[in-house]
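Below you'll find the structure, written out as structure tokens, and then a few comments.
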Amino acid sequence: MKIGFYELPNNDFTDMGISSDIVKSIIIDDIPVGIVYLSDVMDDGIYIEWIEFLSVFHGKHILRPVMNALYKEYGTLYFESCNELIKKYDALGAIKGEYDEDREMTSYFYKA
């Protein structure tokens, strides 16, 4: 499985309401499978604002390889998740950080 990223013009996605520094298309074996919004705010890695896969790729077990490829490119990955996805990120091996009760979000970091 060959995973790559293609940077997209960030100004094309301002209407999505997601603040980010970098927007990249996720490519697996020359097929676009999703999109990732990144913010370069961390000293030793990058913050994932949003990651989304096209619905036809849900359940295809591509999250871990994509996260590993992002880790190789940027270092430690930081992100937050709602409670409904905690099991997914725990199974991925992401390290759980603090829980924000006001926003009902758990912070994570990931090192491949």
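Bear in mind that the values in this text are calculations on the coordinates, not laboratory data. Just so you know, these numbers come straight off a predicted model, no measurement behind them. FYI the Cβ positions are ideal-geometry reconstructions off the backbone, even for glycines, and counts take in every protein chain you see.
Kindly put Arg64, Arg103 in sequence by how many other C-beta atoms sit within 10 Å of each C-beta, fewest to most.
Numbers: Arg64 13, Arg103 9.
Least to most surrounded, the residues fall as Arg103, Arg64.
Please work out how much length the chain gains when fully extended from Ile27 to Lys87, using 0.36 nm per residue of separation minus the C-alpha to C-alpha distance, in nm with one decimal.
Values: separation 60, 0.36 × 60 = 21.60 nm, distance 2.52 nm.
Extra length available between Ile27 and Lys87 comes to 19.1 nm.
Work from the charge dipole of segment 3-110 (Cβ charges, +1 for Lys and Arg, -1 for Asp and Glu, about the Cα centre) and give the residue of Tyr71, Ile48, Ile3 farthest towards its positive end.
Ile3
Please compute the length gained on full extension between Asp43 and Glu73, using 0.36 nm multiplied by the number of residues separating them and subtracting their Cα-Cα distance.
Stretched fully, the Asp43-Glu73 segment lengthens by 9.4 nm.
Send over the Kirkwood Rh of the chain, from the inverse of the averaged 1/r over different Cα pairs, rounded to one decimal Å. If you can, show how the numbers build up before the last one.
Numbers: mean 1/r = 0.0687 Å⁻¹.
Over the chain, the inverse of the mean reciprocal pair distance is 14.6 Å.
Most mobile of Gly59, Gly97, Gly75 per a Gaussian network model of the chain (Cα springs, under 10 Å)?
Comparing Gly59, Gly97, Gly75 in the GNM, the peak value goes to Gly59.
When DSSP assigns beta bridges and you keep just the ones with both residues in segment 3-110, what percent turn out antiparallel, to the nearest 5? Display every interim value, and only then the final one.
Details: 29 of 32 bridges.
The antiparallel fraction comes to roughly 90 percent.
Out of segment 6-112, which GluC sites (Glu not before Pro) are coil in DSSP terms and have no more than 16 other C-beta atoms within 10 Å?
Filter output for segment 6-112: Glu101, Glu104.
Can you compute the charge dipole magnitude of the chain about its Cα centre, using +1 on each Lys and Arg Cβ and -1 on each Asp and Glu Cβ, nothing else charged? Give it in debye, rounded to the nearest 20.
Dipole size: approximately 680 debye.
For the chain, what is the relative contact order in percent, using Cα pairs closer than 8 Å and at least 6 residues apart in sequence?
Relative contact order here is 19 percent.
Helix-derived [θ] at 222 nm for the chain: sum -39500 (n - 2.57) over DSSP H runs of at least 4, divide by residue count, nearest 500?
On the way: 2 runs with 19 residues, N = 112.
Rounded to the nearest 500, it is -5000 deg cm²/dmol.
Along Cα→Cβ, 7 Å out, is where each label goes; now give me the distance between the ones at Arg64 and Glu7 in nm to one decimal.
Distance between the two pseudo-spin positions: 3.1 nm.
Among Met67, Met105, which comes first, then next, by fewest other beta-carbon atoms within 10 Å?
On the way: Met67 23, Met105 15.
Ordered from fewest to most neighbouring Cβ atoms within 10 Å, Met67, Met105 come out as Met105, Met67.
Counting other beta carbons within 10 Å of each Cβ, put Ser55, Ser19 in order, fewest first.
Starting with the residue having the fewest Cβ neighbours, the order is Ser55, Ser19.
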